[in-house]
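**Student:** Below is one structure. I have some questions about it.
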Amino acid sequence: MAWELMNEPRGVSAADRELLLEWTVEMSRFVKSIDSNHLLALGEGFFFKRGRGHLYDGTYGIDFEAVLKLRSIDFGTFHFYPQTWGYEHHLQIGRRWISDHIAAGKRAGKPVLLEEFGLKLRAGSVDSPDTRDRWYRRWLNLIRQRNGAGALLWMLGCDDPDLKSFRDEYTLFSTSELPTFPAES
């Protein structure tokens, strides 16, 4: 279906914006020159100087809206890990985060995909699978309502012995397989 140039591309500061855009132009043109039959995206989308806070202020040098304007980029992708990003007790930021990305895609005339998202089960804001699932439903419904391109959960897991090592704290299990993770300190 598609190529992604890099998973979670980031610079070390806002000053890396131009370098990341130039790299994206060069690499996307190259990929399109050898495979024009597949869609192409960059990976993870932070905003640049669109607001306060590290998700919006350019901290990572990524400019989601500028990337979407590139002719050789076919669709936008973004991730959402509110607990890891410092929003443990502000999960409602998902509404703004999702809406802003879909709106940016509409302005650029390109689809936008929430390609990774997850919540860790732990004491605090997400203390049960039911709480996690309610947040997931809210975010997925919002993507549908705003006509987003879709969402891909990070990640599904099982207790198969061959696959047991391929999981992390975001892994979603059936209720019979839910592991117990130690509380974070």
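The values are calculated or read from the model by the stated rules, or taken from the named source; none is laboratory data. Here the structure is a predicted model, which is why all the values come from computation and not from measurement. So basically every Cβ, Gly included, is an ideal-geometry build from the backbone, and we count neighbours across all protein chains shown.
**Student:** Has the range 55-70 got at least one residue that is over 27 Å from Asn147 (Cβ atoms) and part of a helix (DSSP H, G or I)?
**Tutor:** There is no residue in the range 55-70 that is over 27 Å from Asn147 (Cβ atoms) and part of a helix (DSSP H, G or I).
**Student:** While we're looking at this one, here's another question. Taking the range 22-45 as the search range and keeping residues that are touching a helix residue (DSSP H, G or I) at 6+ places or on another chain (Cβ under 6 Å) and of a type in the set (A, V, I, L, M, F, W, C), which one is surrounded by the fewest Cβ atoms within 10 Å (Cβ to Cβ)?
**Tutor:** Leu40
**Student:** Could I ask something else about it? Which of the residues that make up the range 10-35 are more than 20 Å from Leu113 (Cα to Cα) and of a type in the set (Ser, Thr, Tyr)?
**Tutor:** Ser13, Ser33 - these are the residues of the range 10-35 that are more than 20 Å from Leu113 (Cα to Cα) and of a type in the set (Ser, Thr, Tyr).
**Student:** Could you give every pair whose Cβ atoms fall below 8 Å, whose first residue belongs to the range 97-116 and is assigned to a helix (DSSP H, G or I), and whose second residue is modelled with pLDDT of 95 or more and among the β-branched types (Val, Ile, Thr), counting only separations of at least 6 or pairs across chains?
**Tutor:** Listed by first residue and then by second, the contacts come to Ile98/Ile143; His101/Val112; Ile102/Val112; Ile102/Ile143; Ala104/Val112; Gly105/Val112.
**Student:** Within the range 139-160, which residues are within 15 Å of Pro111 (Cα to Cα) and not in a helix (DSSP H, G or I)?
**Tutor:** Scanning the range 139-160 gives Arg146, Asn147, Gly148, Ala149, Gly150, Ala151, Leu152.
Let's see how each residue does on (1) among the acidic types (Asp, Glu); (2) under 25 Å from Leu39 (Cβ atoms); (3) at pLDDT below 95; (4) out of contact with any His (no Cβ under 9 Å at 6 or more places or on another chain):
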{"position": "Gly76", "(1), (2), (3), (4)": "no, yes, no, no"}
{"position": "His79", "(1), (2), (3), (4)": "no, yes, no, yes"}
{"position": "Tyr87", "(1), (2), (3), (4)": "no, no, yes, yes"}
{"position": "Gln92", "(1), (2), (3), (4)": "no, no, yes, yes"}
{"position": "Ile98", "(1), (2), (3), (4)": "no, yes, no, yes"}
{"position": "His101", "(1), (2), (3), (4)": "no, yes, no, yes"}
{"position": "Lys106", "(1), (2), (3), (4)": "no, yes, no, yes"}
{"position": "Val112", "(1), (2), (3), (4)": "no, yes, no, no"}
{"position": "Glu115", "(1), (2), (3), (4)": "yes, yes, no, no"}
